[in-house]
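The values are calculated or read from the model by the stated rules, or taken from the named source; none is laboratory data. Here the structure is a predicted model, which is why all the values come from computation and not from measurement. Using ideal geometry, Cβ is built from the backbone for each residue, glycine included, and neighbour counts are taken over all protein chains shown. Remember, those area values only see protein heavy atoms, side chains included, never the ligands or the DNA or RNA. Shrake-Rupley method; radii C 1.70, N 1.55, O 1.52, S 1.80 Å.
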Amino acid sequence: MDVAPTVAHRTVVSLSDEDALDPTLVGSKAANLARLLSAGFTIPQGVVVTTAALDITEQLIDEIRAGLGDGPLAVRSSATAEDLRDASYAGLYESSLGVETRAGLTDAINACRASLDSNRVHVYIHGAPDSGMAVLVQQMVDADFAGVAFSANPVTGIRTEVIINAVEGLGDRLVSGEVTPGQWVVLGDKIEGASKLLSRSQVMQVASLATRVEQVFDVPQDIEWAIEGDTLWLLQARPITSLPQSIEPVPIGIELPPGYWEHDASHAPRPNYPIESFIPPMVAKAVKSWANEFGYLFDGIEFRDIGGWTYQRLAPMGGKEGPELPGWLMWVMVRTVPMIRRRLAMARTAVETDKAGQFIDRWYDTWLPELQAGIDSLRRVDLTSLSDEALVAHLDAAHRLCTRGIEIHTMLHGALAIILYELVTTCKRLLDWDMGTTLETVRGTSYKSTEPARRLSELTRLAGDRPEVLDSARLPDVEVIAFLDEVDREFAEEFQRYVDEFGHVALGQGVVEPTYAEMPSFLIGTIRHQLETRFDPTATDDANQARREQTIAAARSRLTGTPADLGQFDIVIERGQKAYPVREDNEFFTMSAPSAQFRYAILELGDRLTERNVIGTRDDVMYLELDEAVGALSGTRSLSTEVVHRKGQRAWAAANPGPPFYGKETPPPTDLSFLPPDTRLPMEAMLWSLNSIMAVEASKTTQDDASAITGTPASAGTYTGPVRVVRDESEFTKIQAGDVLVCPITSPVWSVLFPSIGALVTDTGGILSHPAIIAREYRLPAVVATGNATDLLEDGQIVTVNGDTGTVRTVTP
């Protein structure tokens, strides 16, 4: 008589078998599915090669096939230390889909078992595993759609929201990052999400599935699912790890200041954080000095927090906005009002002494070395070794460096405005060139814009035949460096050198967003993209140089017969080529790098406040005012209540973005003929520069037709590809090789993304904006100042971007 093997020695069990409920035998993933199967959920038929199996024998393969038939199979890991409440191990173990042959099944099972002892698992758990590995084998689902769903919002912690992501076909394309999914947020019977991939009924079915799975385990769940015809399959369920505390929105009272105020969408595209409240006054002070240096007829820029968002206005001389005055009265005022006469004297001096040229020289000779020294000095400090008093002193030094950087940044804006205005107007007068043609004369000179990606291409060549290096893109950021150090010391050293030189830069306009140094997984992913797009920086540089030289040669040929005109042309070209790179290059040293050092010091402050139970986590420091956070170092009172309240206010602001402007606009005069001729240049250049950089009026435009969007042509060429909407730095990981990047605006440090994409579309910005300049340096078609392309387009749509005509058109499959 045959005797059934004991549980301890069973090598294959069915998911419907009672023994499959034992995670020590079948692993956590299979045990979870067995429990859900017994509760009545629709789960693909499956068996488990248990932790007791020693070798994968022909008899074992026979048992599997006897239970599952001859169709294609999915072979997945089911370790005993996997899908746990405090550690998911997501993506660390091997899996195989569509396995059909006996040999393939044997290989897939062995690969799963071997991955238990892989390098990436060693790094993840900081040592050798002491768990067991079972292998789950199921019948494949021929999915029409598949994806993941979270029964609670994993970002905000809101327990009543279900987050759903879906792709067409198999879900492995989503998990691997091969494609970007459609996404929906479900709250009760309300659905938010523009994607039409799933019907409303399908979205609600998936949301219900996620909620019912949570009820089984009594903890928020991360599930994988698939739709095949009319059947919704449950493929996996595991707890959501590190679910943040749920934040309820707290309304913000809005008190409108008098005057006209515009939302600063270019520099403050997201709701404000309290820790950054020191930045607007710092900028306002710097701009006031800038206005005085160049004799502008305004007192600078004022900022206000209105409803949690940053608004700004040009500060009128004397402090109060008045009615628009007729030209004759303006003519009288500039000649009789002492305050205006003093300002015009400054403008006259700025022109006579070539203050613009002086400032560009000072950048190269003095300011750049000064900032580099300050950045290097801060970077050399081991923050963890500092006493509290020394950390406060370090924060003060970082604050001074940021202040100095913004002062220099604004002064350079005044200089660049004059020099580039002279370049454009001279080429228009002498050659009848439009601005786009004129900018061909400086194409390829903004070297700092392309240097981070150019240097990354060197790492790309090194990583090309090293698959384990590329695998590190799937690891948590905190594990990447240790993993690279273990599997490929040569690449790890080169990667660290790159991070040291280019990684310590703030990605946004403040200190909240992480630096590239904190995002090594993203950088490795970008290397993978460069391999796919075959980015060739040398070819790009050569093409830019050739175009620049051809344009200048054509102009000089036309002007040969008029020596005076040729001399003027040569002067503005020389000045323009020296100044134009500063537009992008200065931002790295004046803004991004100093802000990164300030961020690191604030995070160290956050760590100390967390250790002392003043706040819950180090990132909570971002919800304190800077002085408040520093003062908390010497106190013991918990600030958790204040943090929760301010998180709620910011959540409300994010859900209630204010209008583009408040009040009635009194635009600056466009006709400056009332000014004495020898004082007009700084004011004319500034107004031209603001429009060329920000294109405020064009960027206010809202469009309704997503099939034919218009904007400002910013970089020539055409490209057809899939849309990827990226609203801020937190969504960088959505980008896939060849995407059309659609975003509100970019800063210079976004340039590392550009070799990955095929074209660029922005809501705001003009032909001299950061995105436009970077796109031209990379020779990418670009359309800017569309107003609301990020609202009209959705991920995955195929569009054609025409950077010559400034149009974006959807392509019907």
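Structure data summary
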| quantity | calculated |
| --- | --- |
| In the stretch 387-402, the residues that are surrounded by fewer than 18 Cβ atoms within 10 Å (Cβ to Cβ) and touching a residue at least 60 places away in the same chain (Cβ under 8 Å) | 388, 392, 399 |
| Selection status of residue 625, under 20 Å from residue 279 (Cα atoms) and open to solvent by 30 Å² or more (accessible area, probe 1.4 Å) | yes |
| Output for the stretch 40-54, where each listed residue is of a type in the set (Val, Ile, Thr) and outside any loop (DSSP other than H, G, I, E, B) | 47, 48, 49 |
| Single residue of the stretch 522-548 satisfying the filter (assigned to a helix (DSSP H, G or I) and of a type in the set (A, V, I, L, M, F, W, C)) that is farthest from residue 502 (Cα to Cα) | 546 |
| Residue count, the stretch 256-283 (criterion: under 19 Å from residue 405 (Cα atoms), touching a residue at least 24 places away in the same chain (Cβ under 8 Å) and not charged (D, E, K, R)) | 10 |
| Residues located in the stretch 360-386, provided they are more than 19 Å from residue 500 (Cα to Cα) and buried (at least 18 other Cβ atoms within 10 Å of the Cβ) | 360, 363, 367 |
| Every residue from the stretch 765-789 that is polar (S, T, N, Q) and over 21 Å from residue 586 (Cα atoms) | 786, 788 |
| Selected residue (only one of 54, 37, 33 is over 22 Å from residue 132 (Cα atoms) and either without any contact (Cβ under 8 Å) to a residue 24 or more places away in the chain or out of contact with any Ser or Thr (no Cβ under 7 Å at 6 or more places or on another chain) (or both)) | 37 |
| Selected residue (only one of 290, 233, 261 is open to solvent by 20 Å² or more (accessible area, probe 1.4 Å), more than 25 Å from residue 796 (Cβ to Cβ) and of a type in the set (Phe, Trp, Tyr)) | 290 |
| Counted residues, the stretch 429-482 - those being out of contact with any helix residue (DSSP H, G or I) (no Cβ under 8 Å at 6 or more places or on another chain) and within 30 Å of residue 553 (Cβ to Cβ) | 3 |
| Flag for residue 441 being out of contact with any strand residue (DSSP E or B) (no Cβ under 9 Å at 6 or more places or on another chain) and not in a helix (DSSP H, G or I) | no |
| For residue 42: the one exception among (1) open to solvent by 20 Å² or more (accessible area, probe 1.4 Å); (2) within 30 Å of residue 206 (Cβ to Cβ); (3) of a type outside the set (Gly, Ala, Ser); (4) modelled with pLDDT under 80 | (4) |
| Residues located in the stretch 462-490, provided they are part of a helix (DSSP H, G or I), farther than 28 Å from residue 589 by Cβ and not aliphatic (A, V, I, L, M) | 467, 468, 471, 472, 474, 479, 483, 485, 486, 489, 490 |
| Residue check for residue 720: open to solvent by 50 Å² or more (accessible area, probe 1.4 Å), among the polar types (S, T, N, Q) and closer than 14 Å to residue 761 by Cβ | yes |
| Residues within the stretch 167-196 that are of a type outside the set (A, V, I, L, M), surrounded by fewer than 21 Cβ atoms within 10 Å (Cβ to Cβ) and modelled with pLDDT of 65 or more, tallied | 11 |
| Those residues of the stretch 47-64 which are charged (D, E, K, R) and surrounded by fewer than 12 Cβ atoms within 10 Å (Cβ to Cβ), in sequence order | 55, 58 |
| Tally, over the stretch 186-233, of residues that are under 25 Å from residue 724 (Cα atoms), of a type in the set (A, V, I, L, M) and in contact (Cβ under 8 Å) with a residue 40 or more places away in the chain | 8 |
| Evaluation of residue 613 against (1) open to solvent by 50 Å² or more (accessible area, probe 1.4 Å); (2) in a helix (DSSP H, G or I) (one fails), failing number | (2) |
| Test result for residue 802, under 21 Å from residue 694 (Cβ atoms), surrounded by fewer than 24 Cβ atoms within 10 Å (Cβ to Cβ) and not acidic (Asp, Glu) | no |
| Identity of the residue in the stretch 14-39, in a helix (DSSP H, G or I) and open to solvent by 50 Å² or more (accessible area, probe 1.4 Å), that ends up nearest to residue 63 (Cα to Cα) | 18 |
| Cβ-Cβ under 8 Å pairs, at least 6 apart or on other chains, the stretch 503-526 side in contact (Cβ under 8 Å) with a residue 24 or more places away in the chain and within 17 Å of residue 398 (Cβ to Cβ), far side assigned to a loop (DSSP other than H, G, I, E, B) and among the β-branched types (Val, Ile, Thr) | 515/505 |
| For residue 448: the one exception among (1) buried (at least 18 other Cβ atoms within 10 Å of the Cβ); (2) under 22 Å from residue 597 (Cα atoms); (3) at pLDDT 85 or above | (3) |
| First in the stretch 657-681 and over 17 Å from residue 262 (Cβ atoms) and of a type in the set (Val, Ile, Thr), second anywhere and modelled with pLDDT of 80 or more and open to solvent by less than 60 Å² (accessible area, probe 1.4 Å), Cβ under 8 Å, 6 or more apart | 670/687; 679/295; 679/344; 679/347; 679/351 |
| Any pair with Cβ under 9 angstrom, 6 or more apart, that starts in the stretch 712-736 at a residue that is without any contact (Cβ under 8 Å) to a residue 12 or more places away in the chain and ends at one that is assigned to a helix (DSSP H, G or I) and among the aliphatic types (A, V, I, L, M) | none |
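Each row is one residue, and each column tells you yes or no for (1) farther than 30 Å from residue 359 by Cβ; (2) surrounded by fewer than 18 Cβ atoms within 10 Å (Cβ to Cβ); (3) of a type in the set (Gly, Ala, Ser); (4) touching a His at 6+ places or on another chain (Cβ under 7 Å).
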| position | (1), (2), (3), (4) |
| --- | --- |
| 629 | yes, no, yes, no |
| 639 | yes, no, no, no |
| 649 | yes, no, no, no |
| 660 | yes, yes, no, yes |
| 677 | no, yes, no, no |
| 682 | no, no, no, no |
| 691 | no, yes, no, no |
